[in-house]
Structure formats: structure tokens, C-alpha cells
């Protein structure tokens with residue numbers, strides 16, 4: 001139990017350093033904790049593995065990701081992997097983060113969209 005409390009405190013400190021408001025932290029990360037942080041020195045990628053029992057709004061996720069890059073400019077890439085466990089239904093996650101997936105696909109250009117539409121035909125009707 002002591003370890004989990006420490007992990008909760010570490011997550012809250014990271015969010016504070018990233019200028020995430022206390023009210024946002026309290027309402028969205030109440031039972032969240034940092035499982036681990038993997039730093040790849042070669043690719044300068046930081047991967048945060050977070051466990052949280054409630055859905056984190058997409059806008060909060062994007063703000064955190066953006067603020068990490070501003071606060072730590074030496075990081076080339078940041079990945080935030082969130083495990084919601086069984087507490088959050090997969091359809092809720094898809095509904096919340098679908099626009100982010102669309103933005104990511106759009107940022108990769110037409111080649112990725114073409115490949116996805118060839119492999120997953122239904123996406124061509126969803127992603128314009």
C-alpha cells in the first residue's frame with residue numbers, strides 16, 4: 001500500500017510540474033498513479049505508464065502531453081499509456097479519444113489513410 005501511495009504522489013508531482021491545475025488533477029486523477037516511467041536515452045522518448053480508475057478527458061490528456069514537451073524540451077517524444085482497468089468500458093474510451101486518433105492519422109498524411117482504408121475498409125467511411 002505504501003508503494004501505491006508513493007506512485008500516486010509521483011503522478012501528482014509530475015502533473016504539477018506540467019502546470020496541470022489542482023482542480024483538474026483532483027477531478028480526473030483522484031485514484032491515478034504512475035506505474036512506471038520508461039526513458040529511452042537513444043530516442044529521447046519518455047513513456048509514462050499510468051493507471052487510473054476513471055476516464056481522463058481527451059483535452060486533459062492533450063494538455064498534459066503538450067505541457068510535458070514545453071516543460072522538458074530535451075524530450076524528443078512523449079508517450080502516455082493509460083490503463084483504465086475494467087472500471088471504464090472500452091466504448092467510453094473510444095468515444096472520448098476517437099478525435100485524437102483522427103488527428104493522429106491526419107498528421108501522418110495520405111499514405112497512412114490509404115493503407116488503413118485498404119486494410120480496414122470501414123475506416124474510409126469514417127475518416128475523410
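Evaluating residue 97 against the criteria (1) touching a helix residue (DSSP H, G or I) at 6+ places or on another chain (Cβ under 9 Å); (2) more than 20 Å from residue 5 (Cα to Cα); (3) surrounded by fewer than 16 Cβ atoms within 10 Å (Cβ to Cβ) leaves one unmet condition, (3).
The sole residue among 34, 112 that is more than 30 Å from residue 2 (Cβ to Cβ) and surrounded by 14 or more Cβ atoms within 10 Å (Cβ to Cβ) is 112.
Inspection of segment 73-85 identifies at least one residue that is surrounded by 13 or more Cβ atoms within 10 Å (Cβ to Cβ), closer than 24 Å to residue 7 by Cβ and modelled with pLDDT under 90.
Under the condition of being outside any strand (DSSP E or B) and touching a helix residue (DSSP H, G or I) at 6+ places or on another chain (Cβ under 8 Å), the residues counted in segment 69-94 number 3.
The values are calculated or read from the model by the stated rules, or taken from the named source; none is laboratory data. Source: prediction; values computed, not measured. Using ideal geometry, Cβ is built from the backbone for each residue, glycine included, and neighbour counts are taken over all protein chains shown.
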